[in-house]
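Here is the structure we will look at, set down as structure tokens.
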Amino acid sequence: MTSRLVEQLGAQNAAGSTAAELAGQIRALILDGRLTVGERLPSERALALELRRSRSTMTRTYSLLESDGYVSRLHGGSTRVALPHADHVVMGADDDSAIDLSIASMDSTPGLYDATVRSLPRLAALRSTSGYSLQGLPELRDAVARRYTQRGVPTTAEEIIITSGALNAVNLVLATIGRRGERAVVEQPSFPHVLDALHRNGYRLTPTPVGVEGWDIPHLTELLLRGRPLVAYLIPDFHNPTGATMTDADRDRVSATARSTGTHLIADETTTELDIDRGWSPLPMAAFSPQVITVGSMSKIAWGGLRLGWIRAERSLISRLLAVRPSFELGTALLDQCIAVELLDEMPALSEHVRSRLHAGRTAVTAGLEAIGDLQMPRTPGGLSAWIDLGAPISTRLSLAARDRQLIAPPGPRFSTGGVLERYLRIPITYPPERTAEAMERLRLAWHDLREGASARPVVATHAAVI
């Protein structure tokens, strides 16, 4: 059985690596959260057998990690993940000198303050209630339903549940329909925290490739037909992180295939409204099959601090979701819901703000890549990020070099299953242009360091969220 360490490393990445290179790869897994503090690692003997390398190489690898403080070892006992306690550079959310590209999210829309003020009378009118809102405020569910109807999927408020964000929605769905040991088809790359949630719920993940040009639809439908997975999780609009959008014809084919195999198709629409210049508007996945479960969110179009999402599903599943939800929460904050009602009435203004900000961010990333010279900007018509082909399997090494320049840039394997995608790096287009320009200059310096063979000094990441 493959250990979690080797699964995260990817055996192909470890092949031919020196002990120092292996230590660097494992350190990167620790820094971006793929290995957790206190987690037990395989013994030297077991790791040598898995990677088909000499035991002396594994001993040297663990010794290097131990000397830098990234593992703790007991003689004759276990080796566990640790973090250094020496005076290293600490980078995190409270460090103003660091730029964190693990967060692909914009600051709040200019209309948020006014919407909050307008929402207060609505909130005050709810003081005579219990304050718990298991399914969500009727007026907010009506507003979300109207948005789906406008986009081509007739929807009623009874088919909507309001949640505390899209990830919360996915976790509620998995808690309701999940059975440990079942298969789940996922895109490769995909949103890391949903991959983590699927792992936590005991699913066996089967990846299907996605690139900036889109999906391999024959591969995806073959996986569904052959494996008959319980769940398939897809991001069909401005896919995170590639920015691709699935065509209506492909949505129809995938939805029909999932329906025939009894697969719960979860369509994540968190990024649906992030259009810059795509030039066309696809129908929601739910337009092609009533069984599609759709999750959405206000976090990318309004503000990440507004923890407001939703689920659109058939009424029979809505009833099951409502039965499960009290086991881990009793509803969504009423203030957030009241604000969202106001914001959903201003979608044209929200969309224009998003388009302007993303266009400026995309321009800044393009300029930064041109300054590096060796990297090309892919077509990015919208979404959160640019998915950059590095031309060689060096993403983890570049990520480590970037940390030495106080730039947190999660490597491609963070968005994968099995430690692959070492050729790619996700760069958000959501930051203000001046902040993006500084980030790209640090990336240019890290790229130069990597090419010149400069070694990065150890650093500690205080968080590992990828948004």
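Structure values in brief
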| read-out | value |
| --- | --- |
| Percent of C-alpha pairs per 10 Å bin, the stretch 305-345, short to long | 24, 46, 30, 1 |
| Cβ-placed point charges (K, R +1; D, E -1), dipole of the stretch 191-240 about Cα centre in debye, nearest 20 | 320 debye |
| Cα gyration tensor shape for the stretch 112-348, rounded if a/c is under 1.5, else prolate or oblate | prolate |
| Pairwise label distance in nanometres, SER260 with SER128, each label 7 Å out on the Cα-Cβ vector | 5.6 nm |
| Selected from VAL144, LEU126, LEU51, residue furthest toward positive end of dipole (the chain; charges at beta carbon) | LEU51 |
| For the stretch 251-365: rounded, prolate or oblate by the Cα gyration tensor [a/c cutoff 1.5] | oblate |
| Protection proxy ranking, peptides 441-448, 397-404, 204-211, 418-425, average beta carbon neighbours within 10 Å, highest first | 397-404, 418-425, 441-448, 204-211 |
| Global geometry of the stretch 4-81, whether rounded, prolate or oblate, following the gyration tensor of its Cα atoms and the 1.5 cut on a/c | rounded |
| Degrees between helix 138-150 axis and first principal axis of the chain (Cα, 0 to 90, nearest 10) | 80 degrees |
| From phi via Karplus (6.51, -1.76, 1.60), per-residue ³J(HN,Hα) for the stretch 32-37 in Hz, x at Gly/Pro | 9, x, 6, 10, 9, 4 |
| Accessible carbon and sulfur surface of the stretch 112-348 relative to its total accessible area, %, 1.4 Å | 53 percent |
| MRE, 222 nm, helices only [DSSP H, n ≥ 4, -39500 (n - 2.57), over the chain, to nearest 500] | -13000 deg cm²/dmol |
| Among beta bridges that DSSP assigns inside the stretch 112-348, antiparallel share in %, nearest 5 | 35 percent |
| Fully extended contour minus Cα-Cα distance, from ARG4 to THR18, at 0.36 nm per residue | 3.0 nm |
| Folded to 0 to 90 degrees: helix 55-67 orientation relative to the chain principal axis, Cα | 70 degrees |
| Nearest-0.05 FRET efficiency for ASP216 and THR36, computed from C-beta distance (R0 35 Å) | 0.60 |
| Between helix 112-124 and the chain: long-axis angle, C-alpha atoms, 0 to 90°, nearest 10 | 50 degrees |
| Chain lengthening between ALA367 and GLU441 when straightened (0.36 nm per residue, less Cα-Cα) | 25.6 nm |
| Efficiency of FRET between GLN406 and ARG45 - r from beta-carbon atoms, R0 25 angstrom, step 0.05 | 0.05 |
| Cα principal axis extents for the stretch 331-467, largest first, Å | 53, 33, 26 |
| Charged-residue dipole, Cβ positions (Lys, Arg, Asp, Glu), the chain about Cα centre, Debye nearest 20 | 1500 debye |
| Of all DSSP beta bridges in the chain, antiparallel share, percent nearest 5 | 50 percent |
| Cα→Cβ-extended label distance, 7 Å offset, between SER351 and ARG73, nm | 5.9 nm |
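The values are calculated or read from the model by the stated rules, or taken from the named source; none is laboratory data. Predicted, not measured: the structure shown is a model, and the values here were computed from it. Glycine gets a Cβ as well: all are built from the backbone with ideal geometry, and neighbour counts include every protein chain shown. For the accessible areas, the whole protein counts, side chains as well, though only heavy atoms, and no ligand, DNA or RNA atoms are used. Shrake-Rupley method; radii C 1.70, N 1.55, O 1.52, S 1.80 Å.
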